[in-house]
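Q: Below is a structure I'd like to ask you about.
The values are calculated or read from the model by the stated rules, or taken from the named source; none is laboratory data. Please read these numbers as outputs of a predicted model, since none were measured by experiment. A quick note on method: Cβ atoms are made from the backbone with ideal geometry, for glycine too, and the neighbour counts reach across all protein chains shown. The area values use the complete protein model at the heavy-atom level, side chains included, leaving out ligands, DNA and RNA. Shrake-Rupley method; radii C 1.70, N 1.55, O 1.52, S 1.80 Å.
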Amino acid sequence: MLRASVLSLALLIAAPVAQADTVSTFTLDNGMEVVVIEDHRAPVVVHMVWYRIGSADEPVGASGVAHFLEHLLFKGTETLAPGEFSATVAANGGDDNAFTSFDYTAYFQRIAADRLDIMMRMESDRMKNLLLLDEDIATERQVIIEERNQRVENNPGALAREQIRAAQYLNHRYGVPIIGWMHEMEELSREDAVGFYDLYYSPNNAILIVAGDVQPDDVLALAQTHYGVIPAEPALPDRLRPAEPPQRAERRLIYEDPRVSQPYVSRSYLAPERDSGAQETAAALVYLAEILGGSSATSVLGSALTYDTQTAVYAGAGYDGLSLDSTTFTLSVAPAEGVSLQQAEDAMDAAIAGFLEAGPDPDQLDRIRTQLRASEIYARDNVEGLARSYGAALTSGLTVQDVQDWPAVLQAVTAADIMAAAAQVLDRNQAVTAWVLASREELTQ
Amino acid sequence: MTRILCALALILTATFARAEVAIQQITTPGGIDAWLVEEHSIPFTALEIRIRGGASLDAPGKRGAVNLMVATLEEGAGDMDARAFAAAREALAASYGFDVYDDSFSVSARFLTENRDEAVALLRLALTEPRFDQDAIDRVRGQVLSIIASDAKTPNRIASQTLYAAAFGDHPYGSSLNGTEQSVQALTRDDILAAHRAVLTRDRVYVSAVGDIDATELAALIDDLLGDLPADGPPLPARATFGLAGGLTVVDFPTPQSVALFAHSGIKRDDEDFFAAYILNHIFGSGGFESRLMQEVREKRGLTYGIATYLVPRDHAELVIGSVASGNDAIAQAIEVIRAEWARMAESGVTAEELATAKTYLTGEYPLRFDGNGEIADIMVGMQMIGLPPDYVIHRNDYIEAVTLADVNRVAGALLQPEALHFVVVGQPSGLDAAQ
C-alpha cells in the first residue's frame, strides 16, 4: 500500500527475464553497475537504485535498521527539504517507493520518460547527502513500529512465520525478521542508521536499473553525470555472513494464537539458492515446488489431499531461489473440518513419500515446462517486473548472464534432476515443522 | 461481418507524457460490443469481460450463491472433471481469472497466440458448460467456509462487515458476498445453477481486448465465447441508502493494533462535480505522502503507517470511506486528528497551491497507467461499465484542468460532513468512548 514495504514472500514461479536483445549493461568507473531494459510501448520509465545491503547484513542488536534507514531516506538532504523528494516526483506526475529485503534495499520511481534526469539528480543526491534530524528519527521510529503492528503483530500468520524462520536458521541472519524484532526497533538510534548509511550507500555497492522508453546511450550519459561523479567507498566490506552449520536435528514448534481461525501445518526445509553459474539445482527445485504444490488441482499435494481425499482445504508448496545464501523450500497444509493437524501432516508426508517412490508424472512435467516458457512471454508485458527481477538477482549474487541463462536452465531440467534435488532437500533433519492453531486444547479433542 | 464502428487513434497528451492508444470499437456479428487495442509485439492477448450484476444478484436467502458459483467455474466443464480441466488449462499455459464483486462478475484471461483457439474453447466450456459436480461444490464450499471463519477473526474484515451492515442493512451491500456460514452451508447445486443462469447473461456484458489479435479475429472469438449465454437475467437491486449516522462503534477484539474504518455518504460517478470531488480526495487522503491526512497523522505525529480515503461510487449507492490503523493507545488521538482535519477541509477547503500540485500529479500520472496489455484492457472495460466513450482518454486531463478552486471548495463543503462521519474501530482502543 505504502512506502517501505517489507518483501519476504517467495515468488511462486520462475522470475521472468527480459529478452537479451532489449537489455544493455554498463559499469561506471566508480563500480556502479547499470542495467537498461528497453520497452518503447508507453512513454514511461522505471528508475531504480538497488543497494547490496539488506536486513541480513545488519549488526547484531540493531535488527530493522536497514528498513528503518529506507524510511529515513525520504527525509531531507543538504539540498532537499524533508518530504521534498516525493513531492517533486509527484509534481512531475510520478510515483515513488522503496522496499527492503534480507539481501537488498531498493528505491524506485515510475514516471514519464523525459523526467529521468530529475530522478537521477535526486536519487544520486540522497546516496551521499542525507541529513537526519533527531525529531525525524523519533517520529519515523513510531511509524515503523506501527508498520510492524500492522504487518506482524496484528497477523498471527506473520507471527508464526517469524518463529519458523528463527528456528530454521541456527546461525544466519535470515532468522531475524526484515522489519526487526520489536524490542530492538524501539531502541534504533540516529547513530545506528547513519553508520549503516555511511558505509553501505555507495556507488560501488549499488546497481542502477532503468526500464522503459529510453535509449541505453542516453541513460549511460545521465548516469555518468549524476552517479559517475560519486567516489567509490574504499572501506566497503566484503559481504561476509555467518554460514549455517550442518543442521542435524528436526525442529518442531506449536504456535498458539486465539486469532487463528484456520489451523495449518507448515514445513520449511533449508534449501540451496540460485548461485552464479550453478543454477541447476535451484531450477530443479522450482519444478519440485510446482509438482508438489503448484496447482491446487493437479499437484501431488493438492490432488492427494483435496481431491482424492477431503483431508485439506488447501495444500501447497513454495520455493524462491533468489537469495544470496541458503533459502527455504516450504510445504503447507490447512486441514479440512474434522481433520487433525497430525492427520494432515501424516497425509502430507504420505503423499510426499508416494511421489519419491513414483517420480514425476511426465505429462505434469511437460505442462510445467510449457508454463515456465509461457511465463517469459507474459512477463514481457510488465517492464517494472522485469526490472525487479534483475535487481533482485544482481543483489543476490547473480550476474546479468545468469539471469538471461535462467530460462534455458529451467527448460533443461529433467525428471532425474528433480528427484536428485528432492532427495537432497527433503531432509527432516534440516526442517522446521510448525503447527499453527488457536489453542492447544484443539490437540486433545 | 464485423462492424468496426470507429477506430480512434488517440494521442494521450499529458503535461509530460504522450501515449498512443488506438482504440477500435467493434460490434460482433452476434451483436456484442467490444473495444480493442492491437499490440502485436508480444504473442499473447489480454481479454477482459465484465457482466454487471455480480453478487448483487444473490437470490433472497441465498447469500453467497454467486460467489460459490464463480469459485466453482473452473472445477470441471464439459466432459472434463476439475483435475482434467486444470490439466488442460496448464497444458495451454493460459490463465482465466474469475472474480465476483458487489456489482459485477469478471473474467480476466491471458492466452498465447500459438494456441489461442484451444484456450478460448476451454474458457468457453467453463463459462457455458460448467459441471458444478457435487463433490466440486462441496470442496469449494469448504474453502469458502474457511475464508468466512478467517474473516471473523481479521480486524479489517470485522470492521468492514460491521460498517457495511450498519450502513446498508438488508440491501446486498449490507453483507459480505461470501455469505454466512449458515447461508453457505445451506446452498444446493440447484442454487448454484440458478446463480449461473442469473449472472452470466449477454445483455449486461462488457468486453475489451489488448494484444496480438485483430478486429475480425476478436469478433469471432467473442461470439464463440459469449454467443450462447442467455440474453438477459433478473433485475438488478434497487438503490441503497447510506443509513448510518455519525458516531463511533467499537468492536472489542484482542489485538495490539486497532483498525478503524470511517465513512459517510458520497458522490455519484456521473455527478458533474465528480472531478472536483476526485481532486479533493486526492489532496485530502490519496494515501500519498503529500496528502493532508498522511501529513497530519503519519508524518507529523507518527500515529500510523498508512491512512487513506476513497470515493466509492457503486452502482446503487455512494460513499466516502477511509481507513487507518494505530496501536491501541494511539488510535484515539488518530481519530481526533482525522475528525479535526475533516472539519477543517469542509470549512476551509484546499489552497490554490494544493490544487495546482494535485492537477500536475493527476494529469502526469494518467498516461503512465497505459503501460501494459493487461492494464489497458482493464482500463477499457472499466470505462465501458461507467459509460465513458473511447475519446474520454483524450479529454480526461482537460476535465481535471477545468476544475477550479471554487469548485473544489464548494464540493469540500458539500461532500465532507464531519458530523456524519461514523468510525468503526476494531481492537482494544484506550481512551475511546463508544457512547460519544
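Q: Per residue, how large is the accessible surface of the protein assembly as shown? Use a 1.4 angstrom probe and give square angstrom.
A: Value returned for the protein assembly as shown: 37 Å² of accessible area per residue.
Q: Another one. Just to verify a number: FRET efficiency for B:Lys268 and A:Arg248, C-beta to C-beta distance, R0 = 45 Å, to 0.05?
A: 0.10
Q: Which FRET efficiency, nearest 0.05, do B:Thr351 and A:His183 yield, Cβ-Cβ r, R0 41 Å?
A: Computed FRET efficiency for B:Thr351 and A:His183: 0.45.
Q: If you average the alpha carbon positions of segment A:123-166 and of segment A:409-445, how far apart do those two centres end up, in angstrom?
A: Answer, in whole Å: 31.
Q: What's the angle, to the nearest 10 degrees (0 to 90), between helix B:392-402's Cα axis and the longest principal axis of chain B?
A: Relative to chain B, helix B:392-402 is tipped by roughly 10 degrees.
Q: How far apart, in nm, are two points set 7 Å out from the Cα along the Cα-to-Cβ line at A:Ala415 and at B:Lys300?
A: 6.8
Q: Angle check, please: helix A:341-358 long axis (alpha carbons) against the longest principal axis of chain A (alpha carbons), in degrees 0 to 90, nearest 10.
A: Orientation of helix A:341-358: about 90 degrees from the principal axis.
Q: Follow-up question, since we're still on this one. What list of ³J(HN,Hα) values in whole Hz, one per residue of segment A:81-91 in order, does the Karplus curve 6.51 cos²θ - 1.76 cosθ + 1.60 (θ = phi - 60°) give from phi, with Gly and Pro shown as x?
A: Once rounded to whole Hz, the list reads 6, x, x, 5, 4, 5, 5, 5, 4, 5, 5.
Q: So for chain B, what are the equivalent ellipsoid semi-axes in whole Å, largest first, each being the square root of 5 times an eigenvalue of the Cα gyration tensor?
A: 38, 30, 18
Q: Jot down the radius of gyration and Dmax of segment A:183-302, Cα atoms only, both in angstrom.
A: When restricted to the Cα atoms of segment A:183-302, Rg and Dmax are 22.7, 58 Å.
Q: Counting only other residues whose beta carbon sits under 13 Å from that of A:Trp181, what net charge do I get with K and R as +1, D and E as -1? Numbers along the way, then the final one.
A: Details: positive: A:Arg148, A:Arg165, A:Arg173; negative: A:Glu58, A:Glu153, A:Glu162, A:Glu184, A:Glu186, A:Glu187.
So the environment of A:Trp181 carries a net charge of -3.
Q: Restricting to DSSP loop positions (anything but H, G, I, E, B) with no more than 11 other Cβ atoms inside 10 Å of their own Cβ, which GluC sites (Glu not before Pro) remain in segment A:41-113? Write out the running numbers ahead of the final one.
A: Numbers: sites: A:Glu70, A:Glu78, A:Glu84; in loops: A:Glu78.
Qualifying residues, ordered by number: A:Glu78.
Q: Take A:Thr79, A:Thr309 and sort them by solvent-accessible surface of the protein heavy atoms, 1.4 Å probe, largest at the top.
A: Reading off the accessible areas and sorting them downward yields A:Thr79, A:Thr309.
Q: Can I get the semi-axes of segment B:195-294's equivalent ellipsoid? Compute them from the C-alpha gyration tensor as square roots of 5 times the eigenvalues, in angstrom, largest first.
A: Semi-axis lengths for segment B:195-294 are 40, 22, 17 Å.
Q: Beyond 32 Å, what share of the Cα-Cα pairs of chain A is found? Please give it as a whole percent.
A: Cα-Cα pairs of chain A separated by over 32 Å account for 42 percent.
Q: Counting other Cβ atoms within 10 Å, keep those with at most 16, restrict to DSSP loop, and tell me which GluC sites (Glu not before Pro) in segment B:251-310 are left.
A: For GluC sites (Glu not before Pro) across segment B:251-310 that sit outside H, G, I, E and B with at most 16 neighbouring Cβ atoms in 10 Å, the list reads B:Glu272.
Q: Over segment B:247-427, what per residue volume does the convex hull of the Cα atoms give, in whole Å³?
A: Hull volume over Cα atoms, normalised by residue count, gives 133 Å³.
Q: Calculate how steeply helix A:156-168 sits against the longest principal axis of the alpha-carbon atoms of chain A, using the helix alpha-carbon long axis, and give the answer as 0 to 90 degrees to the nearest 10.
A: Here the helix axis deviates by roughly 90 degrees.
Q: Cα-based Rg (one decimal) and Dmax (whole number) for segment A:232-325, in Å?
A: Computed over the Cα atoms of segment A:232-325, radius of gyration and Dmax are 18.4, 61 Å.
Q: Let me ask something else about it. Just need the Rg to Rh number for segment A:101-246, please, alpha carbons only, Kirkwood Rh.
A: Reported Rg/Rh, Kirkwood definition of Rh: 1.02.
Q: Which net charge results when you count Lys and Arg as +1 and Asp and Glu as -1 among the other residues whose beta-carbon is under 12 Å from that of A:Val333?
A: Result for the local shell: -2.
Q: Which value, in Å² rounded to 10, gives the accessible area of B:Tyr164 with a 1.4 Å probe and all protein chains present?
A: Accessible area of B:Tyr164: about 40 Å².
Q: Now for a different question. Starting at the first residue of segment A:206-216, write each ³J(HN,Hα) from the Karplus equation 6.51 cos²θ - 1.76 cosθ + 1.60 with θ = phi - 60°, in whole Hz, x for Gly and Pro.
A: 10, 10, 9, 10, 10, 10, x, 8, 9, 9, x
Q: May I have the convex hull volume per residue, in Å³, for the Cα set of segment B:2-226? Walk me through the numbers before you get to the answer.
A: Values: hull volume 35.2 nm³, N = 225.
About 156 Å³ per residue, rounded to a whole number.
Q: So what is log10(I(q)/I(0)) for the protein assembly as shown at q = 0.08, 0.10 1/Å, when the Debye sum runs over its Cα atoms only?
A: -0.77, -1.36
Q: Quick one: Cα centre-to-centre distance for segment B:267-342 and segment A:326-402, in angstrom?
A: 39
Q: Based on the Cβ-Cβ distance of B:Glu118 and A:Asp238, what FRET efficiency does E = 1/(1 + (r/R0)^6) give at R0 = 41 Å, to the nearest 0.05?
A: 0.20
Q: Can you give the relative contact order of chain A as a percent, counting alpha carbon pairs under 8 Å and 6+ residues apart? Each step should come with its number before you reach the end.
A: Details: 856 pairs, mean separation 102.9, N = 445.
Taking the mean separation of contacting Cα pairs over the length of chain A, I get 23 percent.
Q: Same structure, new question: Assigning unit charges at the beta carbon (Lys, Arg +1; Asp, Glu -1) and nothing else, what dipole magnitude in debye, to the nearest 20, does chain B show about its Cα centre?
A: Once rounded to the nearest 20, the dipole reads 880 debye.
Q: Using helices alone, I'd like the mean residue ellipticity at 222 nm for the protein assembly as shown: each DSSP H run of four-plus residues gives -39500 (n - 2.57), total over residue count, nearest 500.
A: Theoretical 222 nm ellipticity from helices: -12000 deg cm²/dmol.
Q: Would you work out which of B:Phe275, B:Phe289, B:Ser326 lies farthest towards the positive end of the dipole of segment B:247-427? Charges go on Cβ: Lys and Arg +1, Asp and Glu -1.
A: B:Ser326
Q: So, with +1 on the Cβ of K and R and -1 on the Cβ of D and E, and no other charges, what is the size of the charge dipole of segment B:247-427 about its Cα centre, to the nearest 20 debye?
A: Details: 13 positive and 25 negative charges, 72 e Å.
Rounded to the nearest 20 debye, it is 340 debye.
Q: To continue, here is another question. Counting only trypsin sites (Lys or Arg not before Pro) that sit in a DSSP loop (anything but H, G, I, E, B) with at most 12 other Cβ atoms within 10 Å, what is the longest stretch of chain B containing none of them?
A: Values: sites that count: B:Arg239, B:Lys300.
Counting at most 12 other Cβ atoms within 10 Å as exposed, the longest clean stretch of chain B is B:1-238.
Q: For peptide B:155-163, compute the average count of partner chain beta-carbon atoms within 10 Å of each residue's beta-carbon.
A: Going residue by residue through B:155-163 and averaging, the value is 1.
Q: What is the total of Lys pairs in the protein assembly as shown with C-alpha atoms under 29 Å apart, excluding same-chain pairs fewer than 8 positions apart?
A: 8
Q: Just to confirm my numbers, what's the Cα centroid distance between segment B:366-390 and segment A:212-282 in Å?
A: After rounding, the separation between the Cα centres reads 35 Å.
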